Amino acid sequence: MDFDLAFAVSTVLPILSVIGTTIGVALLSCAGASVLGFAFEITRRGGAAPGYLIRFVIDFIRSTPVLAWLYFLYFVLPYYGLTLSSLTVGVLGLSLYFSGYLAEVFKAGIDAVPKGQSEAAKALGLNRVDSLFFIIAPQMLRNVAAPVGNHFVSILKATPYLAVIAVPEMLGKAFDIASDTYRYAEPLTVAGIVFLFLALAIAHMVRLLERKLMGPTRR
Amino acid sequence: MTIVEIFLGIFEGFRTTATVTAFGMLFAVPFALVFGVAQYLTRGLAHLAVTAIIEFWRSSAVIILLFVFYYVLPIAGIELPAIAVAAMVLGLNTGGYGSQAVRAGLQSLDRGQFEAASALGLRRRHTLCLIELPQALTRMAPTFINQFIQLIKGTALVSLVTLTDMTFRAKEIAELEYNPAGIYTSLLLAYFAVCYPVTVFGRWVEQRLGAGRDQTNGF
C-alpha cells in the first residue's frame with residue numbers, strides 16, 4: 001500500500017468541516033476547567049478541612065490520565081441513570097481533568113497580586129468574598145491570561161481523545177473516513193497536520209497576548 | 001469479582017505501562033538534552049531547524065501522532081512492534097517538552113557563570129558540561145519530574161493500539177462483567193497508586209532545591 005496523496009488531499013475538506021466542533025469543545029472545556037479550577041483554588045485557600053480535601057482532589061486529578069477520566073464518566077454515569085450525550089461527557093471530562101492544572105494557575109495568579117491589595121480591602125471594610133471578587137480577581141486576570149491561554153492549547157491538543165467516546169471531532173472524522181475506505185494513513189496524517197497548524201497558530205496568538213499584557217507593567 | 005480482584009486484574013497491566021514508560025524515557029532524555037542544548041547554542045538557520053523539530057514533537061496532539069506513526073511507518077516499509085512505536089512517539093513528545101525545560105534552565109543561569117568559566121580558560125564544551133548543564137538541570141528537576149508523570153499518564157494511550165496496559169486491562173474486565181463504577185474507579189486508583197509517589201517525590205525535591213537556594217542567597 002502506498003501513500004495516496006490525491007486521496008489525502010480529498011480528505012482535507014471533510015476533516016476541516018468539523019474543526020468547529022474541535023474548537024468549540026476546547027473553548028467550552030477551557031471555560032469549565034477555569035471555573036472549576038478557580039473554585040478549587042478559592043476553597044483550598046479557605047484552609048482547614050475543605051482545603052486539605054481540595055488539595056487531595058487536585059493531586060488525584062493530576063495523577064490520573066485524561067483517558068481514564070473519559071472512560072469513567074462515559075461508562076459510570078449511565079450506570080447511575082445519568083445518560084448524557086458523548087459531547088457533554090467529553091467537555092465534562094476535559095473540564096475536570098484540566099481544572100487540576102488551572103487551579104495551580106489561579107494560585108500563582110492570586111499569589112502575584114501584592115498583599116497590600118487585600119490588606120487595603122480589609123481596611124476599607126470589605127468582606128472576604130467582596131475583596132476576592134472586586135479587588136483580587138480583576139487584578140489576577142492579567143496574571144493568568146497567558147497561562148490560561150497555554151492551557152487552552154493543551155486542551156485543544158487533548159480534544160482528539162474524545163474520539164474514543166465517539167464525539168464527532170477531527171480525529172473521529174478521520175477514523176470515519178478510514179473505516180469507510182480502509183485507508184488509515186492518509187486521513188490520520190491530514191488530521192495530524194491540521195491539529196499541528198491549529199495548535200501552532202493559537203500558541204502564537206497566546207504569545208502575542210502575553211507580550212501585550214506584559215508591555216505596560218514593564219515600564 | 002470483588003473490587004480487590006478488579007484492582008489486581010487491572011494492575012496486571014502495570015508491566016506494559018512500566019515498559020512503555022521506561023522505553024519512552026530512552027527516547028525522551030537524549031532528545032531533551034540534545035535538542036534543548038542545540039536550541040540554546042545554535043543561531044540562524046540551524047536554530048530554525050532545531051526549533052522546527054522540537055515544535056513538531058511538542059505541538060502535535062500526541063494521540064494523533066501515535067496513530068499516524070502506527071499506520072504510516074509500515075507504508076514507508078518500517079515494520080515496528082506497536083510497543084516500539086508507542087515508546088518512540090510518547091518519548092519524543094515528552095522529550096519535546098523536556099527540551100524546553102533544558103533550554104529555559106540554561107537561559108535562566110546568571111551570565112556571570114559563563115563569563116567566569118571563560119575567564120578561567122574553560123573551553124565552550126567544558127563550560128557547558130561542567131558549569132552550565134549541572135546547574136540548569138538541577139534547577140529544572142521539579143519540571144522534569146512533572147513531565148515524567150505526564151509520560152506515565154500518556155501511556156494510557158497504548159491501550160488504543162492493542163497493548164495490554166492498565167487501561168486495556170480495565171476494558172477487558174469491563175467486557176467480562178458489568179460493574180463500570182468498580183472497574184473505572186479501580187483504574188483511576190491504579191494510576192494514582194503509580195503516579196502519586198512520584199508527585200510526592202517531586203515536591204520533596206522542589207522543597208530541597210528551594211531550601212538550598214535560600215541559603216546561597218543569604219550568603
Could you please give the count of residues in segment A:165-204 that are at the interface with chain B (Cβ under 7 Å from one of its Cβ atoms) and among the hydrophobic types (A, V, I, L, M, F, W, C)? 9
Considering residues that are surrounded by 13 or more Cβ atoms within 10 Å (Cβ to Cβ), assigned to a helix (DSSP H, G or I) and not hydrophobic (A, V, I, L, M, F, W, C), the number found within segment A:52-100 is 15
Six or more apart or on different chains, Cβ atoms under 6 Å: show the pairs whose first residue is in segment B:134-162 and within 14 Å of chain A (Cβ to nearest Cβ) and whose second is surrounded by fewer than 17 Cβ atoms within 10 Å (Cβ to Cβ) and of a type in the set (Gly, Ala, Ser). B:Val161/B:Ala82
Before we move on, is B:Ser99 surrounded by 19 or more Cβ atoms within 10 Å (Cβ to Cβ) and among the polar types (S, T, N, Q)? yes
Of the residues in segment B:39-67, those that are small (Gly, Ala, Ser) and touching a Lys or Arg at 6+ places or on another chain (Cβ under 9 Å) come to B:Ser59, B:Ser60, B:Ala61
Taking the condition of being within 12 Å of chain A (Cβ to nearest Cβ), in a helix (DSSP H, G or I) and over 21 Å from A:Leu156 (Cβ atoms), how many residues in segment B:57-101 meet it? 6
I'm trying to understand the selection: among the residues of segment A:1-28, which are under 10 Å from the mean Cα position of the chain (by Cα) and more than 14 Å from every other protein chain (Cβ to nearest Cβ)? A:Leu27, A:Leu28
Among the candidates A:Ala49, A:Ala26, A:Ala8, single out the residue that is of a type in the set (A, V, I, L, M), in a helix (DSSP H, G or I) and without any contact (Cβ under 8 Å) to a residue 40 or more places away in the chain. A:Ala49
Working only within segment A:57-83, note down all residues that are more than 9 Å from chain B (Cβ to nearest Cβ) and closer than 17 Å to A:Ala33 by Cα. A:Val57, A:Ile58, A:Ile61, A:Leu70
Going by the structure shown, is A:Phe134 more than 14 Å from chain B (Cβ to nearest Cβ), aromatic (Phe, Trp, Tyr) and farther than 29 Å from B:Ala76 by Cα? yes
Check on B:Gly202, under 16 Å from A:Ser63 (Cβ atoms) and touching a residue at least 60 places away in the same chain (Cβ under 8 Å): yes
Given the criteria farther than 21 Å from A:Gly93 by Cβ and among the basic types (Lys, Arg), does B:Arg169 qualify? no
I'd like to check something: does segment A:157-167 contain any residue that is touching a residue at least 12 places away in the same chain (Cβ under 8 Å), under 22 Å from A:Ile42 (Cβ atoms) and surrounded by fewer than 19 Cβ atoms within 10 Å (Cβ to Cβ)? no
Restricting to segment B:186-195, name every residue that is within 7 Å of chain A (Cβ to nearest Cβ) and within 23 Å of A:Thr83 (Cβ to Cβ). B:Leu187, B:Leu188
Could you give every pair whose Cβ atoms fall below 9 Å, whose first residue belongs to segment B:28-56 and is within 14 Å of chain A (Cβ to nearest Cβ), and whose second residue is surrounded by fewer than 17 Cβ atoms within 10 Å (Cβ to Cβ) and assigned to a helix (DSSP H, G or I), counting only separations of at least 6 or pairs across chains? B:Glu55/A:Leu200
Filtering segment B:1-34 down to residues that are over 22 Å from the mean Cα position of the chain (by Cα), of a type outside the set (A, V, I, L, M, F, W, C) and not in a helix (DSSP H, G or I), which residue is nearest to B:Asn146 (Cα to Cα)? B:Glu12
Residue in segment A:101-136 that is surrounded by the most Cβ atoms within 10 Å (Cβ to Cβ), counting only those that are closer than 14 Å to A:Arg45 by Cα, of a type in the set (A, V, I, L, M) and touching a residue at least 40 places away in the same chain (Cβ under 8 Å): A:Ala103
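Each value in this text was obtained by applying a stated rule to the coordinates, not by laboratory testing. Every value quoted in this text rests on a predicted model; they were computed, and no experiment measured them. With ideal geometry, Cβ positions are generated from the backbone for all residues, glycine too; neighbour counts draw on all protein chains shown.
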